[in-house]
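**Student:** I have a structure here, written as structure tokens, and I will follow up with some questions on it.
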Amino acid sequence: MNVYVDNAATTAVSQTALDAMLPCFREIYGNPSSLHTPGQRAAEKLAEAREVFARNLNAEPREIVFTSGGSEADNQALRSAAVIGARKGKKHIVSTAFEHHAILHALQALQKEGFEVTLLDIPENGVVTAQQVKEAIREDTCLVSVMFANNEIGTVMPIAEIGEVCREAGVLFHTDAVQAAGHLPIDVKAMHIDMLSLSAHKFHGPKGVGVLYVRKNIPLTNIIFGGAQERGKRAGTENLPGICGAAAAFDEACANMEANAAKLIPLRDKLIRGLTQIPHSILNGDAVNRLPGNVNLCFEGVEGESLLLLLDAKGISASSGSACTSGSLDPSHVLLALGRPHEVAHGSLRLSLSEYNTPEEIDYILDTVPGIIEYLRNMSPVWDELETGKRPHLI
Ligand SMILES: *Cc1c(COP(=O)(O)O)cnc(C)c1O
């Protein structure tokens, strides 16, 4: 059986999204900036796609900027807020220790340019609070950037409360909503969000398409210079097939959001119940306040990489940490921020479900994982030391 449970890394393009994309390759192929009829047909398609994102986020079409993905949207949001802040002499930014690297590495670049960054600690349940944000805001804070939902452990932040704190303090609020968009309700007005990033390939849209929502009257700074596309804020001929696919996927995901969650939550919870019965295992992140499709655990005495390879051999595609950190030997910065000791963080497993997964697949995972863990532990000298009492169990 082949089971794909790495949907936090990327998803399959839905049939609806594919159907929306195909005409844009050979029929509606004009350049939206061209004045002729084919160009104007493309421009109409682009406007429709913008409208879809605006409607589902409770934004206005002119507040939607298409980018090449979540990473670019994150970079442009941070850079723009930094430029606005610097003009006012405000060079302090508040974010969290478990953001995606698109945020953390962009912040590091800003630090080299003289910005000061406060990264909030991650509480034990993996949910950053509005109170933490409030206490970190200073006179010279120009931006708060807190992710909507974490990509590794799936925990969901109180975004509306954080937005309120920021609005009251007069500080710009950006949220990396790449994991939340299409999976959780988002209302940029009610949640007091000034800037928001999302990425189509995390909700069954194509790769290489992102959106930066930016509240009107907040000036964006260009990262890509060139033509006047996206109101002059993001140059380059629009990726029309990708954008149309992204819009179709987003519309579909938002329309089916409740039904998808109702399907996923029982599957998620069955996995959590089953896998936490394995001795010396622990769930990472709050059991309830998490994305409908996210399961993330640590197993003591197991190497995450070996676990993944053996799962792959059984047809199960999962992840340990995020796709970006796999391939490196460092344990996940998210699990370390959560307070897991290095040796425990190394034994992590993330299963991220989508509505395409079936109950049979969940049963297959539950039948397969415990045997692999036992096999790996039996071969492990570390496990031997834990079992003979030479080392204390940490979980
Ligand atoms: C995937 C992801 C990104 C990056 O989006 P891309 O479109 O792949 O550039 C950023 N933030 C989070 C939380 C993500 O999960």
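**Student:** Once amide H atoms are built 1.01 Å from N in the peptide plane, which residues 5 or more positions from THR155, or in another chain, come under 5 Å H to H?
**Tutor:** Placed amide hydrogens put ASN150, LEU291 under 5 Å from THR155.
**Student:** Using alpha carbons only, how many degrees (0 to 90, rounded to 10) separate the axis of helix 101-112 from the longest principal axis of the chain?
**Tutor:** Orientation of helix 101-112: about 70 degrees from the principal axis.
**Student:** In terms of the ratio Rg/(2.2 N^0.38 Å) built on C-alpha atoms, what value belongs to segment 40-162?
**Tutor:** Dividing the Cα radius of gyration by 2.2 N^0.38 Å gives 1.19.
**Student:** Using helices alone, what [θ] at 222 nm do you get for the chain, with -39,500 (n - 2.57) per DSSP H run of 4 or more residues, divided over all residues and rounded to the nearest 500?
**Tutor:** That comes out to -12500 deg cm²/dmol.
**Student:** Need one word for segment 190-262: rounded, prolate or oblate. Basis is the Cα gyration tensor (sqrt eigenvalues a ≥ b ≥ c); a/c below 1.5 gives rounded, then a/b vs b/c decides.
**Tutor:** It comes out oblate by the Cα gyration axes.
**Student:** Over segment 280-319, consider all pairs of different Cα atoms and compute the Kirkwood hydrodynamic radius from their mean reciprocal separation; express it in Å, one decimal.
**Tutor:** Taking the inverse mean of 1/r over all distinct Cα pairs, segment 280-319 comes out at 11.5 Å.
**Student:** Quick one: work out the % antiparallel among DSSP beta bridges in the chain, nearest 5.
**Tutor:** Here the share of antiparallel DSSP bridges comes out near 55 percent.
**Student:** Between THR11, THR276, THR175, find the one with the highest GNM mean-square fluctuation for the chain; connect C-alpha pairs within less than 10 Å.
**Tutor:** For the chain, modelled as a Gaussian network with Cα springs under 10 Å, the answer is THR276.
**Student:** Then there is this: Carbon-plus-sulfur fraction of the accessible area of segment 1-124, 1.4 Å probe, in percent?
**Tutor:** 51
**Student:** Let me ask you something else. Enter the angle in degrees (range 0 to 90, nearest 10) between the Cα long axis of helix 159-169 and the first principal axis of the Cα atoms of the chain, meaning the one along which they spread out most.
**Tutor:** It works out to around 50 degrees.
**Student:** Taking 2.2 N^0.38 Å as the expected size of a compact globular protein, what ratio does the Cα radius of gyration of segment 117-226 give against it, to two decimals?
**Tutor:** Compared with the compact-globule rule of thumb, segment 117-226 sits at 1.09.
**Student:** Residues with amide H under 5 Å of THR67's amide H, sequence separation 5 or more or different chain, H placed in the peptide plane at 1.01 Å from N; which?
**Tutor:** Close amide H contacts, sequence-distant or interchain: GLY210, VAL211, LEU212.
**Student:** Moving on. Quick one: 3J(HN,Hα) in Hz for segment 48-55, Karplus 6.51/-1.76/1.60 with θ = phi - 60°, rounded, Gly and Pro as x.
**Tutor:** 4, 5, 4, 4, 4, 5, 4, 4
**Student:** I would also like to ask the following. Scan around ALA8 for amide H atoms under 5 Å from its own, H built in the peptide plane at 1.01 Å from N, and keep only partners 5 or more places away or cross-chain.
**Tutor:** Placed amide hydrogens put SER352 under 5 Å from ALA8.
**Student:** Along Cα→Cβ, 7 Å out, is where each label goes; now give me the distance between the ones at ARG273 and ALA259 in nm to one decimal.
**Tutor:** Each label point is offset 7 Å from its Cα along the Cβ direction, giving 2.5 nm.
**Student:** Do me a favour and compute the ellipsoid semi-axes for the chain from its Cα gyration tensor, root of five times each eigenvalue, largest one first, whole Å.
**Tutor:** 37, 27, 17
**Student:** Once you sort the root eigenvalues of the Cα gyration tensor of segment 247-296 as a ≥ b ≥ c, which label holds: rounded (a/c under 1.5), prolate (a/b larger than b/c) or oblate (the other case)?
**Tutor:** prolate
**Student:** Still on this structure: From the phi angles alone, apply the Karplus equation (6.51, -1.76, 1.60; θ = phi - 60°) to segment 279-292 and give each ³J(HN,Hα) in whole Hz, x where the residue is Gly or Pro.
**Tutor:** After applying 6.51 cos²θ - 1.76 cosθ + 1.60, I find x, 6, 10, 8, 6, 9, x, 3, 6, 10, 7, 9, 4, x Hz.
**Student:** Per residue, what accessible area does segment 234-344 have, given a 1.4 Å probe and all protein chains present, in Å²?
**Tutor:** Result: 39 Å² of accessible area for each residue.
**Student:** So, with a 1.4 angstrom probe, what is the percent of accessible area on segment 339-395 that is carbon and sulfur?
**Tutor:** 53
**Student:** Turning to a different aspect of this structure: With θ set to phi - 60°, apply the Karplus curve 6.51 cos²θ - 1.76 cosθ + 1.60 along segment 350-367 and write out the HN-Hα couplings as whole Hz, x wherever there is a Gly or Pro.
**Tutor:** Each residue's phi maps through the Karplus curve to give 10, 10, 10, 8, 10, 5, 7, 6, 10, x, 5, 5, 5, 4, 4, 4, 5, 6 Hz.
**Student:** Let me check against my output: what whole-number percent is the relative contact order of the chain, with C-alpha pairs under 8 Å and at least 6 apart?
**Tutor:** With pairs under 8 Å counted, the relative contact order is 22 percent.
**Student:** Report the GluC sites (Glu not before Pro) located in segment 128-234 that are in a DSSP loop and have at most 16 other Cβ atoms inside 10 Å of their Cβ, or state none.
**Tutor:** GLU139
**Student:** Let me ask another. Let me make sure I get this right: for segment 92-173, a, b and c are the square roots of the gyration tensor eigenvalues over alpha carbons, sorted descending. Under 1.5 in a/c it's rounded, otherwise prolate if a/b > b/c, else oblate. Which is it?
**Tutor:** Oblate shape, in that a/c is at least 1.5 and b/c is the bigger or equal ratio.
**Student:** ALA47 to ALA313: FRET efficiency via 1/(1 + (r/R0)^6), r the Cβ-Cβ distance, R0 41 Å, to the nearest 0.05?
**Tutor:** Efficiency, from the Cβ-Cβ distance: 0.30.
**Student:** I would also like to ask the following. Run the Debye formula on the Cα coordinates of segment 165-304, all scatterers equal and no solvent, and tell me log10 I(q)/I(0) at q = 0.09, 0.15, 0.17, 0.18 1/Å.
**Tutor:** Debye curve over Cα of segment 165-304, log10 I(q)/I(0) at q = 0.09, 0.15, 0.17, 0.18 Å⁻¹: -0.41, -0.92, -1.06, -1.11.
**Student:** Diagonalise the Cα gyration tensor of segment 220-277 and give the resulting equivalent ellipsoid semi-axes, square root of 5 times each eigenvalue, largest first, whole Å.
**Tutor:** Semi-axes from the Cα gyration tensor: 40, 15, 9 Å.
**Student:** Quick one: P(r) of segment 151-215 from all Cα-Cα pairs, 5 Å bins, percents rounded to integers, in order of increasing distance.
**Tutor:** 4, 18, 27, 23, 17, 8, 3, 1
**Student:** Expressed as an acute angle from 0 to 90° and rounded to the nearest 10, what is the orientation of the C-alpha long axis of helix 257-275 relative to the principal long axis of the chain?
**Tutor:** Value to nearest ten degrees: 20.
The values are calculated or read from the model by the stated rules, or taken from the named source; none is laboratory data. Just so it is clear, the model here is predicted, and its values are computed rather than measured. All Cβ positions, glycine included, derive from the backbone under ideal geometry; neighbour counts span all protein chains shown. All accessible areas refer to the heavy atoms of the entire protein, side chains included, with ligands and DNA or RNA removed. Shrake-Rupley method; radii C 1.70, N 1.55, O 1.52, S 1.80 Å.
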